[in-house]
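Peer 1: The structure that follows is given in the form of structure tokens.
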Amino acid sequence: MFFASFAIFRIAFEDGGERRVWAPSTGDRLPTVVVRDSAMRTLRGGCHCENIKVVFETSLAPSALQLRACQCSFCVRHGGITTSDPAGQLRIEICDPEQLLRYRFALGVTDFLICRTCGVYVAATMESDGRVLGVLNVNVFDEREPFARRAEPMNYGTERVEDRAARRATVWMPVEVRP
């Protein structure tokens, strides 16, 4: 394999530490290599009125999860900061399904899950190859302190539907929505 260049890789450790190493790169993005532990951890939360509850299972420490601040008008207006772990699992439990709003705009391929009662934006989901994938708004976690750090601003406005689906298939996580 020919390596066109070298890049700085960020290695994130479970204990929250990190180290940067200089290594061959085959792409133009600077990757993060995350060191996982074998134990899954469970993070819980939900909307303000508790109609929508979330259970996020991941082997990553909260400090190793990437935080993204989408710059679309919806996310900016809702203060959404999202995260996901493609090797993890998100379970969304709905107490009263009548109070769940699935809002779509722009390309119309994403459901933004909002509680009709309290108005909290909880997560975004989409179907891809017969499965549901999604990201979680970290502002709904019961313990938000580990996520009180800078999120990476993201601008997806120029993506085509197929490009968006391909990107999400690699970075979003499996989601189960239970009525």
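Peer 1: With the requirement that a residue be touching a residue at least 40 places away in the same chain (Cβ under 8 Å) and in a loop (DSSP other than H, G, I, E, B), what does the range 90-106 give you?
Peer 2: Within the range 90-106, CYS95, ASP96 qualify.
Peer 1: Please enumerate the residues belonging to the range 74-89 that are under 18 Å from GLY45 (Cβ atoms) and either in a loop (DSSP other than H, G, I, E, B) or not β-branched (Val, Ile, Thr) (or both).
Peer 2: If the condition is that a residue be under 18 Å from GLY45 (Cβ atoms) and either in a loop (DSSP other than H, G, I, E, B) or not β-branched (Val, Ile, Thr) (or both), then CYS75, HIS78, GLY79, GLY80, ILE81, SER84, ASP85, GLY88, GLN89 are the ones that fit.
Peer 1: Take the residues of the range 130-171 that are of a type in the set (Asp, Glu) and outside any loop (DSSP other than H, G, I, E, B): which is surrounded by the most Cβ atoms within 10 Å (Cβ to Cβ)?
Peer 2: Checking each candidate, the answer is ASP163.
Peer 1: Would a scan of the range 1-19 turn up a residue that is of a type outside the set (D, E, K, R), over 20 Å from the mean Cα position of the chain (by Cα), surrounded by 13 or more Cβ atoms within 10 Å (Cβ to Cβ) and modelled with pLDDT under 95?
Peer 2: yes
Peer 1: Just one of the numbered conditions (1) touching a residue at least 24 places away in the same chain (Cβ under 8 Å); (2) assigned to a strand (DSSP E or B) is not true of THR42; which one?
Peer 2: Of everything listed in (1) touching a residue at least 24 places away in the same chain (Cβ under 8 Å); (2) assigned to a strand (DSSP E or B), THR42 misses just condition (1).
Peer 1: Given the structure, is VAL109 surrounded by 12 or more Cβ atoms within 10 Å (Cβ to Cβ), in the same structural domain as GLU50 (by TED's automatic domain parsing) and either within 15 Å of the chain's Cα centre (by Cα) or part of a strand (DSSP E or B) (or both)?
Peer 2: no
Peer 1: Out of all the residues in the range 60-68, is one or more among the hydroxyl-bearing types (Ser, Thr, Tyr), within 15 Å of PRO146 (Cα to Cα) and either at pLDDT 95 or above or part of a loop (DSSP other than H, G, I, E, B) (or both)?
Peer 2: Taking every residue of the range 60-68 in turn, none turns out to be among the hydroxyl-bearing types (Ser, Thr, Tyr), within 15 Å of PRO146 (Cα to Cα) and either at pLDDT 95 or above or part of a loop (DSSP other than H, G, I, E, B) (or both).
Peer 1: Where the second residue is surrounded by 14 or more Cβ atoms within 10 Å (Cβ to Cβ) and part of a helix (DSSP H, G or I) and the first is in contact (Cβ under 8 Å) with a residue 12 or more places away in the chain and lies in the range 146-175, which pairs have Cβ atoms under 6 Å and are six or more apart or on separate chains?
Peer 2: As it stands, the answer is PRO146/PRO62; PHE147/VAL138, since those pairs meet every condition given.
The values are calculated or read from the model by the stated rules, or taken from the named source; none is laboratory data. From a predicted model like this one, the values you see are computed outputs, not experimental measurements. With ideal geometry, Cβ positions are generated from the backbone for all residues, glycine too; neighbour counts draw on all protein chains shown.
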